[in-house]
1. Tell me the relative contact order for the chain as a rounded percent, counting alpha carbon contacts under 8 Å between residues six or more apart.
2. How much accessible area per residue does the range 400-456 have, counting only protein heavy atoms and a probe of 1.4 Å, in square angstrom?
3. Multiply the residue gap between residue 250 and residue 420 by 0.36 nm, knock off their C-alpha separation, and tell me the result in nm, one decimal place.
4. For residue 340, what accessible surface area do you get with a 1.4 Å probe? Give it in Å², rounded to 10.
5. For residue 58 and residue 397, FRET efficiency with R0 = 41 Å and r from the beta-carbon atoms, rounded to 0.05?
6. What whole-number value in cubic angstrom gives the convex hull volume per residue for the C-alpha atoms of the range 460-524?
7. What would the Debye equation give as log₁₀ I(q)/I(0) for the range 280-419 at q = 0.11 Å⁻¹, counting only Cα atoms as equal point scatterers?
8. Assign one of three labels to the range 284-351, namely rounded, prolate or oblate, based on the Cα gyration tensor with a ≥ b ≥ c the square roots of its eigenvalues; rounded applies when a/c is under 1.5, prolate when it is not and a/b is larger than b/c, and oblate otherwise.
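The values are calculated or read from the model by the stated rules, or taken from the named source; none is laboratory data. Nothing here was measured: the structure is a model prediction, and the numbers come from that model. Note that we place each Cβ from the backbone using ideal geometry, even for glycine, and neighbour counts take in every protein chain shown. Surface areas here come from the heavy atoms of the whole protein model, side chains and all, with no ligands, DNA or RNA. Shrake-Rupley method; radii C 1.70, N 1.55, O 1.52, S 1.80 Å.
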Amino acid sequence: ILLDINGTLQRLSIVGIAYSKGFFMDDGRTDSCVLPKGFLGSLYNARGRVSILYIKVKDPEDKGALIKDLSELYRRFEVREPVTWSEVVEWTKRITVPFRIMLVIVLVTSTFIIYTSFQLLTTERLPVVGTLRSIGATRRTTDFILFAESLFYGFLGGILGCLLGVGVLYGIVSIATPDWLASSGTQVHFTPLQMATTFLLAVGLSLISSAIPIVRVSKIPVKNIILNLYRRSTHNTKVKAGTGILLIGAGLCLPIIVPGKVAMMVDIFCIIAEFVGAVLIIPILTHAFTRFFEKIYVHIFGNIGTLAAKNLKDNKSILNSIALLTIGISGIFMINTVSSSISSDQIKFFKATGFDIWMWTPEADRTIESRISTTEGVLHTYGIYGAFSVKLPDLDEQIDLIHGIKPCTFFDYWDIEVSDDRNILMGEIDKGRNIIITYILKNRLEIEKGDILYLDTERGKRGYRVIGFMHSTMRGGSYALVSERYLKQDAMLRYYNDIYIKTSADPEIVLKKIQKKFKYQRLWIKTIARMEAEELRENKQEFLILKGFTFMSLIIGFIGVVNNLIISFIERKRSLALFRSCGMSKKQTVTMMLIESLSGGFIGSTNGIITGFLILSIVPRLLDAMAVPPITMYFSVKTILSLIVVGIALTLAATVGPALKSSKLNIIAEIKYE
């Protein structure tokens, strides 16, 4: 293989090929190889010297102290861990943040579904409970039986869930792995502690979620069970609604006023508060809708429509179905909106580029830039200097990337929105050590215009005055601009970080010509169009998983809706039989139940969309608390209408079974009582 090393062509023999792991891992931008140390040192006239020194410690507990001691001893050098935990967290935020939000949705949905399932179970078991109690069993005994059943379901669900979760985890890793990591054979890692925690969570969820239905059944007197006088309480509606309104208000206000240190935990609590609040206000929301429906349905469906609307008001099972729809629809709406918003922001980022090809090569200088500019199809080039991971010693923070710019040229290549007039800022930036930072850094570091930011540079600590701010998601928003000449001086830069290329022909064709011209050099080069397509594909991959989870939770929620409608049917068999005995036909009974479902589906879907809007107002602040670049929310009317239709369709589908059963009711058997 021929390699251009330090300006000379070297013919090398390949003696081995490594797997794409560790040092040899492909990061999408660089390729690595190993040569004899002495041979490489001679090519760079650096025999006996090294650029990086790796150190193993005898005792891992001494690592922190050793780094501190070496940093003080060798002040001109950087001493650090190869990879810190904070860097791992930073790199994985793009995946972990959405999953943390999904965790909240899944827990709330699971709790509610188990709760409604046990309502169905305890309602069906009432005759058995009444029989046991009538022959001498105590409340404690029947409670123990029901809790043991709940424990068994949690135990079995925990085991099956963990086994299924391992399979799902492999699928997630397969989908989420970016193309440049696929060849390295990404492995799935989980610990026995994580498995045990998941299992205990399943058992705990089952016990806690089933407690209310079990305790409620326990309080029913034996006489009421035997005489079939059991009715679920509908009291405290106003108290619940008031609590729900307070939770929604707190969820909207707290993220605005809480300090940054506790913001993440408070924001997650506020998202949960919005879910819970939305569920608690469902009774009064349903009352408001039914008043509206009564006036409309009487003209469309006649008396059957009015009766169906009135039945919604105090039907606990239908209200629970509406709650499940609210949770499921709001989750899907939130994930879809965030996904489409991130895609729109990515498109916006690439649309801000005023060039066609992005290129990097080591030791790129004006000679390299001149060779590129003479390539057929190249219109203009712009080499830009950059300093990475620049520490801010006074703030214990860092700026991931600082670009040194030519004031008269930079905005021809990047259409970035700035806080003041561009010409004024560009005229000022070159007059001294001045800096423009992103609004993300402004908020994170609590910096104002005119403040001095001290940067830790190769030439020591240098103060730069903040002269303005800009909107940019470059390097996650940890990005700044300074004058090229001052960055070159302070960071002791000799080579360009990147070269931007404008073309007068097809960028893909020009790219191939540049690759051919620099075939002996290490080169990373892509067209902006290809980078945009790859970024959007990765975003689609990541959110495909989350969308899958939200749709899965909606399907599970559908099962909960079916449970609640079956409960409603069981509780209403006697009243439905009475309607039939007064002259209501089978067709009218089925029509009434379908109208109830249609109305409930509409209310649940609408409340879900409203809840989604409330949660999405918190998401940008949560992302900011997690140091993730904020996104501009883009709402789709098509998505909103589609989700309302889906919610109504699911509820109507869940009603088919109970509606058919109602048409087969034995009127005499249901009315008479022996």
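1. Answer for the chain is 18 percent.
2. 47 Å²
3. 57.6 nm
4. Roll a 1.4 Å probe over it and residue 340 shows about 50 Å².
5. For R0 = 41 Å, the calculated efficiency reads 0.80.
6. 171 Å³
7. -0.68
8. Here the range 284-351 falls in the prolate category.
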